[in-house]
1. Just to be sure I understand, how many residues within the stretch 185-209 are in a helix (DSSP H, G or I) and open to solvent by 20 Å² or more (accessible area, probe 1.4 Å)?
2. Modelled with pLDDT under 90, under 13 Å from the mean Cα position of the chain (by Cα), in a helix (DSSP H, G or I) and under 18 Å from SER259 (Cβ atoms): does that describe LEU46?
3. For GLY266, indicate whether it is open to solvent by 10 Å² or more (accessible area, probe 1.4 Å) and out of contact with any His (no Cβ under 8 Å at 6 or more places or on another chain).
4. Do you know which residues across the stretch 214-245 are more than 20 Å from LEU25 (Cβ to Cβ), assigned to a helix (DSSP H, G or I) and more than 18 Å from the chain's Cα centre (by Cα)?
5. Of the residues ALA241, ALA224, ALA290, ALA210, only one is modelled with pLDDT of 95 or more and of a type outside the set (Val, Ile, Thr); which?
6. Take PRO311 and decide whether it is surrounded by fewer than 24 Cβ atoms within 10 Å (Cβ to Cβ), within 29 Å of ILE217 (Cα to Cα) and modelled with pLDDT under 95.
7. State whether one or more residues within the stretch 176-184 are free of Cβ contacts under 8 Å to residues at least 24 places away in the same chain and either open to solvent by 70 Å² or more (accessible area, probe 1.4 Å) or polar (S, T, N, Q) (or both).
8. Given the conditions (1) over 24 Å from VAL153 (Cα atoms); (2) at pLDDT 90 or above; (3) not charged (D, E, K, R), and given that VAL231 satisfies all but one, which numbered condition is not satisfied?
Amino acid sequence: MIAWVSRWQVPVYLGAMLVGAAGGLLAPSTSAISQALVTPALIVLLFATFLAVPFATIGRALRDARFLAAVLVVNFLLVPILVFGLSRFVAHDQALLVGVLLVLLTPCIDYVVVFTRLAGGEASRLLAASPVLMLAQIALLPVYLALFAGPEVLGMVDARPFVVAFLIFIALPMSLAAVTQAFARRFAAVRVVERTMDAAMVPLLALTLAVIVGAQIDTVRTYAAQLIGVVPIYVAFLCAAPVLGILIARVFRQDVATSRATVFSGSTRNSLVVLPLALALPEPLRLASAVVVTQTLVELVGMVVLVRVVPRLIRAASAEF
């Protein structure tokens, strides 16, 4: 059963999202339940992901200056240039503009590790880079918002949700995984936990996708008429960002697994982390939260596609290094 689910994981993920969407639309009362389950579902999923990454390799990954330089160049130099160009299509509407900038300027620090691992990427390097990416986006997001949307926007954004999200979605599951790995060396029962969580990765991700979509689909439906204009922007981003990642991987002469990690880092955005920021914006920018939610839905579909496409692209591209 586990082997079948792993083999057909992309259809499983798409089916899970359809189930979540159907539940949220046909039974709106379930949206509140799904919303309450998003945080614990992500924590369990990320615990399973971190548990599968040997923590003994993290020190080496953190000292890998070349990889850190690659993901920083992709996420904070090339991607902002791409985002600036794409965001001009909604520059006439400040709420849409702020929502697009919030989500596309912030690299993912949580479930990007899941998708990288599923695509055969170097998940341990991304795990090690997560704190650096988090600190960099906290420092640079205000700068890019001021440049792309105007300095008046800065007074409307509170950075505290970033810190809270880092503690909940990164520090907590990472610490639990480290403790579990330490005890697994001594206790057979804990090793069973390790193997069980690894085997459950695909079902856990499917469940998490269903919960996220179920929690957010009603918001997207409510503002569908206004949000339709941002969908092409998100699709264009998902098409262009992997190309930027592949180019940087070539420049830094990365191996196949590391190249895939670089591509996913540049392509996956921090929508679940910036959503609290968008929800805290004042009434004139209220629509920004729905803009972020829309990106989540587009990205989830895009990620299950990229999990299959990126390994083929990187394999072909790596032969030309």
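The values are calculated or read from the model by the stated rules, or taken from the named source; none is laboratory data. Just so you know, these numbers come straight off a predicted model, no measurement behind them. Reconstructed Cβ throughout: ideal geometry from the backbone, glycine too, with neighbour counts over all protein chains shown. Surface areas here come from the heavy atoms of the whole protein model, side chains and all, with no ligands, DNA or RNA. Shrake-Rupley method; radii C 1.70, N 1.55, O 1.52, S 1.80 Å.
1. Matching residues across the stretch 185-209 total 15.
2. Working: modelled with pLDDT under 90: yes; under 13 Å from the mean Cα position of the chain (by Cα): yes; in a helix (DSSP H, G or I): yes; under 18 Å from SER259 (Cβ atoms): no.
No.
3. On the way: open to solvent by 10 Å² or more (accessible area, probe 1.4 Å): no; out of contact with any His (no Cβ under 8 Å at 6 or more places or on another chain): yes.
In short, no.
4. Once the filter is applied, which keeps residues that are more than 20 Å from LEU25 (Cβ to Cβ), assigned to a helix (DSSP H, G or I) and more than 18 Å from the chain's Cα centre (by Cα), the stretch 214-245 yields only PRO232.
5. Working: ALA224 fails: modelled with pLDDT of 95 or more; ALA290 fails: modelled with pLDDT of 95 or more; ALA210 fails: modelled with pLDDT of 95 or more.
Residue meeting the stated conditions: ALA241.
6. Working: surrounded by fewer than 24 Cβ atoms within 10 Å (Cβ to Cβ): yes; within 29 Å of ILE217 (Cα to Cα): no; modelled with pLDDT under 95: yes.
Considered against the rule, which asks whether it is surrounded by fewer than 24 Cβ atoms within 10 Å (Cβ to Cβ), within 29 Å of ILE217 (Cα to Cα) and modelled with pLDDT under 95, PRO311 comes out as no.
7. So in the stretch 176-184, the residues free of Cβ contacts under 8 Å to residues at least 24 places away in the same chain come out as 179, 182-184.
When the remaining residues are screened for being either open to solvent by 70 Å² or more (accessible area, probe 1.4 Å) or polar (S, T, N, Q) (or both), the result is 179, 183.
Among the residues of the stretch 176-184, at least one is free of Cβ contacts under 8 Å to residues at least 24 places away in the same chain and either open to solvent by 70 Å² or more (accessible area, probe 1.4 Å) or polar (S, T, N, Q) (or both), which makes the answer yes.
8. (1)
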